Amino acid sequence: MNKKAVLIIRTVSVEKLSKALDLAGERWPDHPLAVASSINRLNELSDEPRIDHLYGIETGTGGFEVPLVLDETFEAIVFPVGNAHGSGYGNVFWACRSLSAKSLYISSYCQDLRVIGAFRLKLKCLIEKFLEDILTVIGAIGARRLIRQFDL
C-alpha cells in the first residue's frame, strides 16, 4: 500500500530545511517526504537523499503570490517558519490554501512540529492581509504628508 507523502513548504534556508526534514522523517518514518520550493531554488535540493519528490512553486516578486495547486492529498503539510508562531507567513499559508492534507503543522524555528488547524491558519492569513491593507493606507497617507511638508 502506498503511503501518502508529507509535504514541506520551503520558506527557510537549506540549513533550516534540513532540520525540518529530520523532524518530518522522525514523525513519519514510513512516509515519503516531498518539498515544495520556488522553481529557481530547486537545484539546491535535487541531491538531498531524504527528499522523495520536489514540487516547483511559481513565485512572484514578493514571494508566495501564486496559489500552489497540487492534485494529491498529503499525509501532512509542514510549514517551517523562522519565528515562534508563524507571524509574517500569511502569504505562504494563503498560497497553500487549496492543498489537501490530513493534518497541518508549523515548525517553529525548525525545532518542533505543532499541529495547527485549518481554521486558525486561514484566520492568520486574513488578519495579516487586513493589517497589510491598513498599514499600506497609513503609509500612503504619511508619505503624502511628508511630501507636502517638505514641498517635495
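The values are calculated or read from the model by the stated rules, or taken from the named source; none is laboratory data. What you see is a predicted model; the values in this text were computed from it and never measured. Because the Cβ atoms are built from the backbone with ideal geometry, glycine has one as well, and the counts that use them run over all protein chains shown.
Looking at segment 52-73 only, could you name the residues that are over 17 Å from Pro32 (Cβ atoms), out of contact with any Cys (no Cβ under 7 Å at 6 or more places or on another chain) and touching a residue at least 24 places away in the same chain (Cβ under 8 Å)? Outline the logic, then answer.
Step one: of segment 52-73, the residues over 17 Å from Pro32 (Cβ atoms) are 56-69.
Now restrict to residues that are out of contact with any Cys (no Cβ under 7 Å at 6 or more places or on another chain): 56-67, 69.
Within segment 52-73, Ile57, Gly62, Gly63, Phe64, Glu65, Val66, Pro67, Val69 meet the criteria.
Among the numbered criteria (1) modelled with pLDDT of 95 or more; (2) aromatic (Phe, Trp, Tyr); (3) under 30 Å from Leu135 (Cβ atoms); (4) out of contact with any Phe, Trp or Tyr (no Cβ under 7 Å at 6 or more places or on another chain), which one does Trp28 miss?
(3)
Could you identify the single residue in Leu68, Leu135 that is among the aliphatic types (A, V, I, L, M) and touching a helix residue (DSSP H, G or I) at 6+ places or on another chain (Cβ under 7 Å)? Steps first, answer last, please.
Numbers: Leu135 fails: touching a helix residue (DSSP H, G or I) at 6+ places or on another chain (Cβ under 7 Å).
Answer to the check: Leu68.
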